[in-house]
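Remarks on the structure that follows.
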Amino acid sequence: MMGLWRKIPEGWRSLLGLWAAILLLFGIGGMISPGFFSVSQAGAIFRSASFIGLVAMGQTLAILIGGIDLSVGPLVSLGSVFGCLMLAGRDENNLWAISAILLIGVAAGVLNGVGVSLLGISPMVMTLATGAIVTGAVLIYSQGAPTGNASPALRAVGVGFTWSIPNSVLIWLALGAILSLVLKFTTFGRGIYYLGANETAARFSGLRVNFIKTAVYALSGLTAALTGIIIAGYTSVAFVAAGRDYPMQSIAAAVIGGVAMTGGRGGYGGAAAGAVLLCLIESLLTNLNMQEPGRKIMNGLVIIMLMSFYYRKRLDAASKKKAAT
Amino acid sequence: MSERGRDLRIYLPVYAIVLAVYIFAGWRSASFFTWNNNVNLFGRVTPLILAGLAQTVVILTGGIDLSVGSMISVASVTAASLPYVDTPANLVLWTLIPPLAGLAMGAVNGLLIAKWPFPPFIVTLASSSVYLGLALYILREPGGEVSLDATLVSSGKIQGIPIPLLLMLAAVAAAHLLLSRTRIGRSIYALGGNETLAIQSGIRPDRVKFFVYSLSGLFSGLAGAYLSAWMFAGDPLVGEPYVMNSIAVAVIGGSSLMGGRGGVLGVVGGAYIFYLINNILNLLGINAFYQYIAKGAILIAALAVSAPDLLQRLGLGRRGSE
């Protein structure tokens, strides 16, 4: 049995570990409260995971190239607020409104990319500044009090089911699969890993570093804006603060899923499992009647615990070195 | 290499901008240069400076502290939960406990980062969630009380000099002396500049890291206590904006997120720029919503201009990674 386990490649092993943890927690939840182990509960958990997971698509790419994207929060808010305002509850607005919002997301991402690659501003501060600009745009357009509604078609995406799976989850799975394939099998995907592992080497070997960076941030802007639109479909009305928690949650999902903050290591499958795990834990703790303070504390402890799982090799190495000296 | 010349190159642009902003504000509003307005300004900008100091000492080692905000919140609610009786003993408690709480939380961060190979970003992201939970546990909603003597910290005067100004100058001077005149200060820069080289020259990275994260906690604790004295109450969410604002202030103040470059003298300038931009946009009568856009654009412009190798980036030339 252990021999078989060792034959599995490292990346797949941690992915299997994550899904085993998810199943285990589901089981525990089912034992504690009978309603937990149900299709509707699983659907609700996976739906909130799909929102984090969609944002984490762009975030994973940004982290893989050694960057970070803090502007995803304001962009989710933008998607939600602009979505409701532009759609005004009518299906005939779908096409232009949704394309306009996605374009804005891409534009914000390009701004990030240009700032990071051409101007040499550190990603954290650059995306923070872009986030401030996006927040300003949201407030100006909505005058601080968003109105409007999602269109019926968007409502169907946000709250509807297909084969008893929430539609947003299906969209997430499809896009996530495409992203994983792109990362594995295309020149662009390999370029991302190469750039994240060693920027200088990537530059000298003729990789179009600035282009890749800009494309990555543009994709991140796109997925964040898209998430905002889908969230508008779910809530039907818009909130200026809709995206508040998404920067940190998408980063946490990626990290829990084994994407290294230093760049170049990890994949989207892990980040997706990380998003599910985050939502599952939150839901489990709520089911246990744990209040917000306790949930926040548990959330932090879980991240630290999973962290030690990924760094256990380096932990072993460090302790061996200490023992030797 | 002349250290002073390098410092000047970092700080000169920062304070040139402060001066320009200051003169502009004075020109637009007659009351800007009055002593009262400036006293008010010291009072408002002090917590941002304390948070900026907390972030800067960590950034100089190439790390980051995302828990600054939550540590400020914990200190704030702790300060507001202490007994409300004006006795000298209570005042001593009030002065000591919130900063020490910050120090303890910072020390936990430091221990995790120094002893294990975890990235500081994740450790402090996780611990900020834990500390926020702690703050919410102590005080679920803004409230509590701060004894009257303690509120003097934000509004009192010694020999006519406002206490916030004294506090701010003392904190900056202490941090500057620590960084420029002591061994640990030099180790902080060395570690941020090149970790391998620092280790080879006999610096213990674990000790330096433990030290800077603890110090960051202490400064955050001071900021939290100060804020509760300013508001006469505690607030479990008061620290939230300080996470990103402290990073922005440190970076505007000339410190590089890569570590090894910058210092605390820029923090005052950075905080003033950050705060005065708001002030000026208000004076100009710009709608609060547009201020976000202006702030983002100004931040990008300021950082692009101060980027060390902007010309190489736009033109040709070799540049180091990381």
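General remarks:
- Residue within segment A:133-148 that is away from chain B (no Cβ under 14 Å) and either buried (at least 17 other Cβ atoms within 10 Å of the Cβ) or not β-branched (Val, Ile, Thr) (or both) present: yes
- Some residue of segment A:86-106 being within 14 Å of chain B (Cβ to nearest Cβ), modelled with pLDDT of 90 or more and surrounded by fewer than 24 Cβ atoms within 10 Å (Cβ to Cβ): yes
- Selected residue (only one of B:ILE293, B:ILE280 is surrounded by fewer than 23 Cβ atoms within 10 Å (Cβ to Cβ), of a type in the set (Val, Ile, Thr), more than 23 Å from B:LEU125 (Cα to Cα) and within 11 Å of chain A (Cβ to nearest Cβ)): B:ILE293
- Checked against the criterion of being of a type outside the set (Lys, Arg), within 14 Å of chain B (Cβ to nearest Cβ), in a loop (DSSP other than H, G, I, E, B) and farther than 13 Å from A:VAL55 by Cα, the candidates A:LEU195, A:LEU207 yield just one match: A:LEU207.
- Among the residues of segment B:159-173, those identified as within 21 Å of B:GLY106 (Cβ to Cβ) and in contact with a Leu (Cβ under 9 Å, 6 or more places away or on another chain) are B:LEU167, B:MET168, B:ALA171, B:VAL172.
- Per the listing B:TYR189, B:TYR137, B:TYR131, B:TYR226, the residue uniquely modelled with pLDDT of 85 or more and within 18 Å of B:ALA250 (Cα to Cα) is B:TYR189.
- Of all residues in segment B:135-147 being surrounded by fewer than 23 Cβ atoms within 10 Å (Cβ to Cβ) and at the interface with chain A (Cβ under 8 Å from one of its Cβ atoms), the one that is nearest to B:VAL108 (Cα to Cα): B:TYR137
- Members of segment B:253-292 that are in contact with a Gly (Cβ under 8 Å, 6 or more places away or on another chain), part of a helix (DSSP H, G or I) and modelled with pLDDT under 85: B:PHE289, B:TYR290, B:GLN291, B:TYR292
- For the residues B:VAL45, B:VAL14, the requirement of being under 16 Å from B:VAL172 (Cβ atoms) and either within 15 Å of the chain's Cα centre (by Cα) or part of a loop (DSSP other than H, G, I, E, B) (or both) singles out B:VAL45.
- Consider segment A:112-132 and keep the residues that are free of Cβ contacts under 8 Å to residues at least 60 places away in the same chain and in a helix (DSSP H, G or I). The one that is nearest to A:LEU226 (Cα to Cα) is A:THR130.
- One residue alone among B:PRO83, B:PRO99, B:PRO117 is surrounded by fewer than 24 Cβ atoms within 10 Å (Cβ to Cβ) and closer than 25 Å to A:VAL125 by Cα, and that residue is B:PRO117.
- Residue among B:LEU276, B:LEU284, B:LEU265 that is over 30 Å from A:LEU139 (Cα atoms) and hydrophobic (A, V, I, L, M, F, W, C): B:LEU265
- Scan of segment B:170-183 for residues that are surrounded by fewer than 15 Cβ atoms within 10 Å (Cβ to Cβ) and either touching a residue at least 40 places away in the same chain (Cβ under 8 Å) or within 22 Å of the chain's Cα centre (by Cα) (or both), ordered by number: B:ALA170, B:ALA173, B:ALA174, B:LEU177, B:ARG181, B:THR182
- For segment A:252-270, a tally of residues being part of a helix (DSSP H, G or I) and either within 14 Å of chain B (Cβ to nearest Cβ) or free of Cβ contacts under 8 Å to residues at least 60 places away in the same chain (or both) returns 5.
- Selection of segment B:267-287 for residues being of a type in the set (Ser, Thr, Tyr) and over 16 Å from the mean Cα position of the chain (by Cα) yields an empty set.
The values are calculated or read from the model by the stated rules, or taken from the named source; none is laboratory data. Just so we're clear, the structure is a prediction, and the values are computed from it rather than from any experiment. In this analysis, Cβ positions are derived from the backbone assuming ideal geometry, glycine residues included, and neighbour counts consider all displayed protein chains.
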